[in-house]
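Trainee: The structure follows.
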Amino acid sequence: MKFTVVIAAFREDTVGCAIASIARQTWTDWELVVVTQGDRERTRAVAARFAEREPRIRSLHIADAGTSRARNAGIAAGSGDVVALIDDDCEARADWLEVMAEYLGAHPEVGLVGGSVVAPPALQRGISVCPEVILSESVYDSRATPHRPPAGWDWIGCNVGIRRQTIEASGAFDAYLGPGTDFPAGEDTDYKLRLEALGVPMGASPRLVVNHTYGRRYGLRAALRNSRNYAYGNGGLAGKLTLLGDPRGREWLDETRHECLTAWLTRPARLPKDLNRLRNYVGAYRLCCHRYRAKGGMLEPLQPARASGSVRPRRG
């Protein structure tokens, strides 16, 4: 089993650690495509240095920013049987690809497998945020239990292995969802929904570990930005569903509005955060519905120059 590992690279200060973690893998049949974006010259330089030393590593550059665009470019450039995704502020455990190969070999029915993403401990007091997902050993088969994943099942885009034939059946990541776009989250949830609709079984295993080594952000400003990005990304995804004629888009909007306007009754301190989340969620939903259309299952801006660089949406 050959892996194409794809890193959508933006951060020059941490991408080298992510690359090095792939070079240390106990499973040796892999290629790594590091996809840099936009005008990040220092990030390109880091990727180029690794590519010069290791023939299995390639550095690829795209002009337009966006994690989904970068992942799509890396997937297209690779030749592996399985595409493994990791982010540029993460480090894969040394047995990451070996465990992934063992899992996919033992579960030929699944189209992908996601793993746990472990946040580092906070190194200073005060407010900090870091995405973390600790999974159960489980398989979600939407044909058997439609819209009812098992407890503890999930996956996110910084720790997942997707069979090449699954990608060929489901298509690319939506280029207008995810970091670097108007809707800076929700691209992995969108992909889950599409696989769910196709009836593709999706596995999860806590034995598949990626450390979110450099993912912790400190301070109130970082926490607000994190909340804003998740709310805006998930609001955009809800808008996309509405454009596709899926009633869940409006249902998620109404549920978010109800939750944000009533949760303060039992948790008054959350009111400012919830109101900020609601404002961003609704704003993104409206932006998506008014300035985008859904074509071929993907978002497309009505005015391209305006655009920037059950399975449930993740909450920031």
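Trainee: For the structure I just gave you, tell me whether Leu97 is part of a helix (DSSP H, G or I), closer than 22 Å to Tyr214 by Cβ and either in contact with a Gly (Cβ under 6 Å, 6 or more places away or on another chain) or at pLDDT 95 or above (or both).
Mentor: Working: part of a helix (DSSP H, G or I): yes; closer than 22 Å to Tyr214 by Cβ: yes; either in contact with a Gly (Cβ under 6 Å, 6 or more places away or on another chain) or at pLDDT 95 or above (or both): yes.
For Leu97, the condition - part of a helix (DSSP H, G or I), closer than 22 Å to Tyr214 by Cβ and either in contact with a Gly (Cβ under 6 Å, 6 or more places away or on another chain) or at pLDDT 95 or above (or both) - is met.
Trainee: Which one of Leu104, Leu97, Leu123 is hydrophobic (A, V, I, L, M, F, W, C) and in contact with a Phe, Trp or Tyr (Cβ under 8 Å, 6 or more places away or on another chain)? So that I can check it myself, show each step before the final result.
Mentor: Values: Leu104 fails: in contact with a Phe, Trp or Tyr (Cβ under 8 Å, 6 or more places away or on another chain); Leu123 fails: in contact with a Phe, Trp or Tyr (Cβ under 8 Å, 6 or more places away or on another chain).
Step by step, each of Leu104, Leu97, Leu123 is checked, and only Leu97 is hydrophobic (A, V, I, L, M, F, W, C) and in contact with a Phe, Trp or Tyr (Cβ under 8 Å, 6 or more places away or on another chain).
Trainee: Looking at (1) at pLDDT below 95; (2) under 30 Å from Arg143 (Cβ atoms); (3) surrounded by fewer than 16 Cβ atoms within 10 Å (Cβ to Cβ); (4) in contact with a strand residue (DSSP E or B) (Cβ under 9 Å, 6 or more places away or on another chain), which one does Val311 not meet, given that it meets all the others?
Mentor: Looking at each condition in turn, Val311 falls short on (3).
Trainee: Against the condition modelled with pLDDT of 95 or more, under 16 Å from the mean Cα position of the chain (by Cα) and of a type in the set (A, V, I, L, M), how does Ala51 come out, does it pass?
Mentor: no
Trainee: Hey, could you check region 240-258 for residues that are assigned to a helix (DSSP H, G or I) and in contact with a strand residue (DSSP E or B) (Cβ under 7 Å, 6 or more places away or on another chain) and say which is nearest to Ala284 (Cα to Cα)?
Mentor: By that ranking, first place goes to Lys240.
For (1) among the aliphatic types (A, V, I, L, M); (2) outside the structural domain of Asn229 (by TED's automatic domain parsing); (3) surrounded by 14 or more Cβ atoms within 10 Å (Cβ to Cβ), each residue gets a yes or a no:
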{"residue": "Pro131", "(1), (2), (3)": "no, yes, yes"}
{"residue": "Leu135", "(1), (2), (3)": "yes, yes, yes"}
{"residue": "Ser138", "(1), (2), (3)": "no, yes, yes"}
{"residue": "Ala144", "(1), (2), (3)": "yes, yes, no"}
{"residue": "Trp155", "(1), (2), (3)": "no, yes, yes"}
{"residue": "Val160", "(1), (2), (3)": "yes, yes, yes"}
{"residue": "Ser170", "(1), (2), (3)": "no, yes, yes"}
{"residue": "Tyr176", "(1), (2), (3)": "no, yes, yes"}
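Trainee: Can you tell me which residue within region 1-46, out of those that are more than 17 Å from the chain's Cα centre (by Cα), among the charged types (D, E, K, R) and surrounded by 14 or more Cβ atoms within 10 Å (Cβ to Cβ), is farthest from Asp89 (Cα to Cα)?
Mentor: Lys2
Trainee: Is there any pair linking a residue in region 242-259 that is in the same structural domain as Gly297 (by TED's automatic domain parsing) to one that is among the β-branched types (Val, Ile, Thr), with Cβ under 6 Å and at least six apart or on different chains, and which?
Mentor: Note: pairs meeting the criteria are Gly249/Thr242; Arg250/Thr242.
The values are calculated or read from the model by the stated rules, or taken from the named source; none is laboratory data. Just so we're clear, the structure is a prediction, and the values are computed from it rather than from any experiment. Cβ: placed from backbone, ideal geometry, glycine included. Neighbour counts: every protein chain shown.
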